[in-house]
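Before we start, here is the structure in question, set down as structure tokens.
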Amino acid sequence: MTGVADDARMDAAVKDEDGFFATFLVSSWSPHLVRWAAARRITPNQVTAVSNALTVAAAAAFATGVRPGLVIGAVLVQAAFVADCVDGQLARYTGTGTPLGAWLDAVSDRAKELVIYAGLAVGGAQDGEPGIWLLASCALALLALRHQTDFAYAAQHGPDPGAPGAESGWTVGVTGQVGLAGVRTAATLERSWLRWIKRIIVLPIGERFALISITAAVAGPRTTFVALLGWGGVAAVYMVTGRILRSLADADGSGRIGSDDRRGGRGRGGEMTAALTSHRDDGPLARALGRLAPDRLPPVWTTVIGCTALANGLAVDGARTSTSSAVGVGVFVLLGALSAGGRGHGHLRWAVPPLLHAGEYGTLIVLAWRTGMPPAAFALLAAVAAHHYDLAYRRGPAPAPRPVDLLAGGWEGRTLALMVASLAGLVGGVSLTLALWVALLVVVSATQRVRALAQDGLTTHGRTP
């Protein structure tokens, strides 16, 4: 009976909605490691630390740029992923999971990918690969934007939006019918073996790590980044299309926002607005401009027009920076900031934060590419992405912006700073300075978060008065 109960507890500890790679190639045997670790009183946080150490070792091996180093790095990446699966399973199996552990696990997953991308880029540069920092930056930006889309969507709709609108008794228009058709098709696929194809297409972390290991060991960093961009692009289109269809079908996201949202109250609408505002990462300038148009402009379309103007201005200038780029950045910042005042408009409001971040990332990549794509630009992109992850992984209701958040300058402040730096021919120096500054703020924020979560854990267990 004890063995049966133990097996049931282990089955409950293994996620049943993981990706194909994690489910069939790791979780099919990782319970043996979980039981081994539990018997030796190894904690989930210690396993997380081992996973992080293996990732750093993998990145160092990749950075050598030689074939043996790439092969060793590929093996270490897989070992790190196995440890990453085991820490969560161990926490659930032993019942020792804590908010601090969950936060550390989530944050370390993102940090590991940043470190791996950096190691691959350094190795590619060592091997003389042209444009390797540009490819690394594009792959990193795509990965971060995919995650930010998920965060913002969950902030508006919740992790599980529930049944589509028509099934809740609402009358749905043409766009809603299109959304319902897409949602029902996805639900049908989820009930068949095709759900595994679906989970492979979206390129979860297990598939990403497998893709990195295989391509790096066989063909090198350039092929790895090209593969991540190709497969990641397909996954992004698939996931964004699904989010849009569900938003159109979901009655709760149709724009019928209660008065508590418009007044910034404490109801579901007010919490949703606060969460989406936090994901935006507005700096002091955007917050000031956003007050000029309270609840007057549709935020999605205002932001889309701003992004279009930005893309057009950067494209017109081509390989140089002149007036067109400056005007594009100016319009993007102005309209993006004004969109902050548009509350309670439409079912696609979750798209605004990732659009703003896409504009910032795109501006950084284009301006840095014009000066030879210095590694400092990749460092800045990684620091800003880490800052956005830090905002997303907060626990509890989204609080008012802290000084450490506002000191990062916001998406608009950093974008304007880069534009001025490009006109002055100082992109490399300014990028490095901003990267160090934002990274310092991320470390300060993470330290504050660890202390708060650790204190919460002590209070929960009755160790503090």
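The values are calculated or read from the model by the stated rules, or taken from the named source; none is laboratory data. In this text the structure is predicted, and so the values were computed from the model without any measurement. Neighbour counts are summed over all protein chains in view; Cβ atoms, including those assigned to glycine, are modelled from backbone coordinates with ideal geometry. Ligands, DNA and RNA are excluded from the accessible area calculation, which covers all protein heavy atoms including side chains. Shrake-Rupley method; radii C 1.70, N 1.55, O 1.52, S 1.80 Å.
Filter the range 61-74 down to residues that are among the aliphatic types (A, V, I, L, M) and open to solvent by 60 Å² or more (accessible area, probe 1.4 Å), then give me how many there are.
Result for the range 61-74: 3.
Kindly provide the set of residues from the range 219-228 that are part of a helix (DSSP H, G or I) and open to solvent by less than 50 Å² (accessible area, probe 1.4 Å), ordered by number.
Correct list: Pro221, Thr224, Phe225, Ala227, Leu228.
Return the total of residues in the range 299-313 being open to solvent by 20 Å² or more (accessible area, probe 1.4 Å) and either aromatic (Phe, Trp, Tyr) or at pLDDT 95 or above (or both).
Of the residues in that region, 8 qualify.
Also: Can you name every residue in the range 330-371 that is farther than 29 Å from Thr241 by Cβ and touching a Leu at 6+ places or on another chain (Cβ under 6 Å)?
Leu367
On to the next question. Considering only helices (runs of 4 or more DSSP H) fully contained in the range 1-119, which possess at least 2 residues that are under 15 Å from Ser213 (Cβ atoms)?
Ranges flagged: 44-63, 67-94.
Which one is farthest from Val71 (Cα to Cα) among residues in the range 122-139 that are over 20 Å from the mean Cα position of the chain (by Cα) and open to solvent by less than 10 Å² (accessible area, probe 1.4 Å)?
Of everything passing the filter in the range 122-139, Ile132 is farthest from Val71 (Cα to Cα).
Go through the range 105-118 and give me each residue that's in contact with an Asp or Glu (Cβ under 9 Å, 6 or more places away or on another chain) and either aromatic (Phe, Trp, Tyr) or surrounded by fewer than 22 Cβ atoms within 10 Å (Cβ to Cβ) (or both).
Asp105, Val107, Ser108, Asp109 - these are the residues of the range 105-118 that are in contact with an Asp or Glu (Cβ under 9 Å, 6 or more places away or on another chain) and either aromatic (Phe, Trp, Tyr) or surrounded by fewer than 22 Cβ atoms within 10 Å (Cβ to Cβ) (or both).
Within the range 383-404, is even one residue modelled with pLDDT of 95 or more, assigned to a helix (DSSP H, G or I), at negative phi and open to solvent by 30 Å² or more (accessible area, probe 1.4 Å)?
No, because not a single residue in the range 383-404 is modelled with pLDDT of 95 or more, assigned to a helix (DSSP H, G or I), at negative phi and open to solvent by 30 Å² or more (accessible area, probe 1.4 Å).
So Glu129 fits all but one of (1) in a helix (DSSP H, G or I); (2) more than 19 Å from Gly19 (Cα to Cα); what number is the exception?
With (1) in a helix (DSSP H, G or I); (2) more than 19 Å from Gly19 (Cα to Cα) applied to Glu129, the lone miss is (1).
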